[in-house]
Structure formats: C-alpha cells, structure tokens
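Undergrad: The structure's right below; bear with me while I get my questions together.
The values are calculated or read from the model by the stated rules, or taken from the named source; none is laboratory data. Nothing here was measured: the structure is a model prediction, and the numbers come from that model. Note that each Cβ is placed from the backbone with ideal geometry, even for glycine, and that neighbours are counted across all protein chains shown.
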Amino acid sequence: MRWEQHGGWRPVLISPIDTPDALADALHDCLTQPHKCETCGERHSHASALCVGDDLALPAEQFRQTALSFRAGDREAVAFLAAFGSDAVMNSKKQSVIQDTAFRTMSGAGHQHFLKFARNICSACTRDHIKRDLFETWRYADPVQNHTLRLDPLDDARYALRWSDPSGDPTRQQRGSVYGANRLAIEALPLFACVPRRGILRTIGFVENKTTGVWFRWPIWTQPLSLDAVRSLLTLSTDPANASRSEALRARGVVESFESRRLTVGKFRCFSPARPV
C-alpha cells in the first residue's frame, strides 16, 4: 500500500485483485470466515479477543488468563489483546483493572460499550458496505446507534455543537455511521500495540503533551510498503521536532505526517479532524 495526492491523500492498494467488486468480495470473505470462539465458545467471524468483555476495563487476572488461553495458537487473538491493553500496568483509579489502549473511547457509561459495539459492527457489516465505503464518498447512511467506535470526528457530539440533545436523537437509529470503514478500523487495531513505559501504558502512534493533551499521529508514505513494513513504520516517532527521526522517516518514503487530538467530553472520548504536523 502507498498514498497518492488526488485532492487529498488517497490510499493505493497494490494487489493482483484488479476490480472493486473482486476486492470487496475478497475482504468480505476474509472477514466473515466462521470459527469457534475460544472466549465465548460460540461460532462467529470476528476475532475471539472481541468477546473478552463488553468493555476494556478488565480485571488484570481475567486479562492474563485470557492471554494464556490464546497463547497456544490463536495469533490473531493475541495481537488484539496486545492492542487492547496490558496486565503489566494497572489503572490508576482501579488497581485491579488493566490500563487500556489510547483508542478506547467509551467504557460503559450511558450504555456505550467499546467491545460490544465493535462486535455489533462486525455482525452488521456486509460486502456492499465494504465496497461502498472503500470506493465511494462516505454517506453515513448506516444506523449509528450501538454501532460506533467514536473514531470519526463526526462522533464529537457535544451539546454545544448540536441543535438538539444528541443522546435522544431518533435519526441515530437510521444513519450516522459508516460500517465498512469501522469494520476495517477494527481489523487494524493490532497494528497499534500497547507497551508499558515508565509505569504508564503507551499506545503506538499516540503522543501526550501536558499542555495540549493527547494526540494520535500517523505517517503518509509514497512508496509501496507491505503490511509488516507498515507495522514497523507506525512504531517510529512522527514528531517533526526530532530532526534525526524526521530524516529517518523521509528515508523510508514518508512525505508528510498528520495528527488528530483525542478529546475527552464527560465520560466519552472522540477525535478532532486531522491536520498536517
């Protein structure tokens, strides 16, 4: 994969699959292979790790035992757990609960559940959703109620930005989400593992500034990179103030970096529109 400028940066996939229909079919087939879940015992198509709970506020012992049960062979589940959090660092307010990923945007308040909503999206997403959301302008035509990860800037539903109370908006049952994009975002979470550092859990791609808050940063590259190369690239700093690191990024084909601020509104999180760094 690489990026090209067409009125903005657009992803370009290099693949022997040469038509939108064939790509949508291949992705859908890959994402909907049924298997017996090692967590809940039922048959479904999403990663077993998504069934570890409805939220990521998991007791450390439960998280640890789940990881040990996956270790025998489910590499996908282990990769998801590494992206969810770590039992090596405890929550500062609840010492028996793990610290979790910086991508976590909700944790049960107001019946908003990060993992449960991820499972809902996996169940609702069809082949047509994938094709439409990859190759057409996003129309937000899918019901957003109970089907959002709050990763889209449009999920910033602060009262001051809305004509009416967003929590009681009946249109949420009809539109507001993009199932295909959210489904692919779920599948990408293992690229952003969590790593303990100096007693704090860090998530790949995130930087924290005491003055300006928490930011998610990512690179744009113009040379084709494999999935493993992208995984490696994402671990590098995208801070332009670090001159030596910026040179290293340019040598790897990185031409620009973007950032989005993670906002905390009450008990929920969301992300600001992206801007170049």
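Undergrad: Residues of region 83-124 being surrounded by fewer than 18 Cβ atoms within 10 Å (Cβ to Cβ) and either part of a strand (DSSP E or B) or aliphatic (A, V, I, L, M) (or both), which ones?
TA: Ala88, Met90, Ala109, Ala124
Undergrad: Given the conditions (1) in contact with a Ser or Thr (Cβ under 9 Å, 6 or more places away or on another chain); (2) in contact (Cβ under 8 Å) with a residue 24 or more places away in the chain, and given that Cys40 satisfies all but one, which numbered condition is not satisfied?
TA: (2)
Undergrad: Quick check: anything in region 40-54 of a type in the set (Gly, Ala, Ser) and closer than 23 Å to Ile200 by Cα?
TA: Yes, some residue in region 40-54 is of a type in the set (Gly, Ala, Ser) and closer than 23 Å to Ile200 by Cα.
Undergrad: Please count how many residues of region 25-53 are touching a Leu at 6+ places or on another chain (Cβ under 7 Å) and buried (at least 17 other Cβ atoms within 10 Å of the Cβ).
TA: Residues meeting the conditions: 4.
Undergrad: One residue is enough: does region 10-23 have a residue meeting the conditions exposed (fewer than 12 other Cβ atoms within 10 Å of the Cβ), at pLDDT 95 or above and assigned to a helix (DSSP H, G or I)?
TA: yes
Undergrad: Taking Asp128, is it over 22 Å from Asp54 (Cβ atoms), modelled with pLDDT of 95 or more and surrounded by fewer than 17 Cβ atoms within 10 Å (Cβ to Cβ)?
TA: So Asp128 fits the description; yes.
Undergrad: Could you check region 153-206 and list, in sequence order, the residues that are at pLDDT below 95, of a type in the set (Ser, Thr, Tyr) and in a helix (DSSP H, G or I)?
TA: The answer is Tyr159, Ser167, Thr171.
Undergrad: Among residues belonging to region 190-202 that are surrounded by fewer than 21 Cβ atoms within 10 Å (Cβ to Cβ) and in contact with a Phe, Trp or Tyr (Cβ under 9 Å, 6 or more places away or on another chain), point out the one that is nearest to Ser272 (Cα to Cα).
TA: Phe192
Undergrad: On to the next question. State the number of residues belonging to region 34-82 that are over 20 Å from Ala185 (Cβ atoms), among the acidic types (Asp, Glu) and assigned to a helix (DSSP H, G or I).
TA: 1
Undergrad: When you go through Ala83, Ala109 one by one, which is the residue that is in contact with a Cys (Cβ under 7 Å, 6 or more places away or on another chain) and in the same structural domain as Arg183 (by TED's automatic domain parsing)?
TA: Ala83 is the lone residue from the list that is in contact with a Cys (Cβ under 7 Å, 6 or more places away or on another chain) and in the same structural domain as Arg183 (by TED's automatic domain parsing).
Undergrad: A further question follows. Within region 104-151, which residues are β-branched (Val, Ile, Thr), farther than 24 Å from Pro11 by Cα and more than 16 Å from the chain's Cα centre (by Cα)? Quick ask: steps written out before the conclusion?
TA: The first filter runs over region 104-151 and keeps only residues β-branched (Val, Ile, Thr), leaving 105, 121, 126, 130, 137, 144, 148.
Filter once more, keeping what is farther than 24 Å from Pro11 by Cα: 105, 144.
Passing the criteria: only Val144.
Undergrad: Now, a different point. So, in region 61-82, exactly how many residues are crowded, with 20+ Cβ neighbours inside 10 Å and within 17 Å of Arg202 (Cα to Cα)?
TA: Summing the residues that are crowded, with 20+ Cβ neighbours inside 10 Å and within 17 Å of Arg202 (Cα to Cα) in region 61-82 gives 2.
Undergrad: Can you tell me which of Leu234, Leu225 is within 30 Å of Asp25 (Cβ to Cβ) and within 15 Å of the chain's Cα centre (by Cα)?
TA: None of the others qualify; the one that does is Leu234.
Undergrad: Among the residues of region 1-24, what is the count of those that are under 22 Å from the mean Cα position of the chain (by Cα), touching a residue at least 60 places away in the same chain (Cβ under 8 Å) and farther than 13 Å from Pro224 by Cα?
TA: Summing the residues that are under 22 Å from the mean Cα position of the chain (by Cα), touching a residue at least 60 places away in the same chain (Cβ under 8 Å) and farther than 13 Å from Pro224 by Cα in region 1-24 gives 3.
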